[in-house]
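What follows is a set of notes on a single structure, which appears directly below.
Read-outs throughout are calculated quantities, based only on the coordinates presented, and are distinct from any laboratory measurement. Please read all numbers here as calculations on a predicted model, not as lab measurements. Cβ placement follows ideal geometry from the backbone for every residue including glycine, while neighbour counts extend to all protein chains displayed.
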Amino acid sequence: MAKRIDVSGLSAYYGSHLAIEDISMTVEPRSVTAFIGPSGCGKSTFLRTLNRMHEVTPGGRVEGKVLLDDENLYGANVDPVTVRRTVGMVFQRPNPFPTMSIFDNVAAGLKLNGSYKKSQLPDIVEKSLRGANLWNEVKDRLNKPGSGLSGGQQQRLCIARAIAVEPDVLLMDEPCSALDPISTLAIEDLIGELKERFTIVIVTHNMQQAARVSDRTAFFNLAAVGKPGKLIEIDETERIFSNPSVQATEDYISGRFG
Ligand SMILES: Nc1ncnc2c1ncn2[C@@H]1O[C@H](COP(=O)(O)OP(=O)(O)OP(=O)(O)O)[C@@H](O)[C@H]1O
Ligand SMILES: [Mg+2]
């Protein structure tokens, strides 16, 4: 069966600095994969190689392959803008466009993309806000600025914006780290619902969160400061948290370092 994502021999550089080295993994469709590991081991860098955001950083360069449904995202004829539409991203800090209305925030990606009819917009915006579990809280103030929402609401707004363009994959880099526990649980519930439709990859420092939301967990680590980050192991989440294959994983999840 075709894997949704199939990474082989992937390394990423910032200028001459090798940040992550020789990573290979696959991701099944309609699943949640969690990335865990100590700060600086390259989780965010690797995540950004999955939608060609890494190369946006000056000096950002990638070696190796990322197949999405069997197509190499780094192939010669591939347009990175199209890739970023197919593989959406939600960031650590909610980043709605502050002066834009809630409605326009959700519609922003579609407008960039151009492939919609104006008359369809209200339906798409409502569906996306419902999908992000935000509709009931904002339906009476769609024309108010997105910046007027709480942090947790803003993050769900960003999720609505990301899913409005119907991506295949949703990348989330510590999406709950700026949120209170209630908003965090709301986002975790939402991830459980979204995986029915999307393939999700989430970076988290919260072990309980990884255990709660993900099907598979990947542990990344550095051999030493200044060395590149590597994938140590990836397995069923239950197994990683109960009986990992590698001692370093065991040490990390039981809080012995990191
Ligand atoms: N814009 C950049 N320019 C140069 N080096 C960078 C840049 N961003 C990250 N790095 C380096 O790449 C390595 C991996 O960083 P990355 O942010 O991917 O780690 P991380 O695992 O996401 O860490 P954290 O858990 O703290 O978010 C680190 O050595 C970091 O200093
Ligand atoms: Mg990071």
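Summary of values
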item	result
Amide proton proximity set for Ser24, modelled H, under 5 Å, gap of 5+	Gly9, Leu10
Over 18 Å [Cα-Cα, segment 1-135], rounded percent	63 percent
Beta bridges per DSSP with both ends in the chain, % antiparallel, nearest 5	60 percent
Rel. contact order, % - alpha carbon contacts under 8 angstrom, at least six apart, the chain	26 percent
Built amide H within the under 5 Å cut-off of Gln92, gap 5+	Asp173
Measure of compaction for the chain (Cα Rg per 2.2 N^0.38 Å)	1.01
Evaluated over segment 179-246, the Cα radius of gyration and Dmax, each in Å	13.8, 39
Computed helical MRE - 222 nm, the chain, DSSP H runs ≥ 4 contributing -39500 (n - 2.57), nearest 500	-9500 deg cm²/dmol
Binned Cα-Cα distance frequencies in segment 71-152 - 5 Å width, integer %	3, 12, 21, 23, 18, 10, 7, 4, 2, 0
Largest-first principal axis extents, alpha carbons of segment 60-196, Å	46, 37, 29
Range of Cα positions in segment 122-232 per principal axis (Å), largest first	52, 26, 24
Amide proton proximity set for Gly60, modelled H, under 5 Å, gap of 5+	Gly15
Label-zone membership for segment 181-195, site Asp168, 7 angstrom Cα→C-beta point, backbone N under 18 Å	195
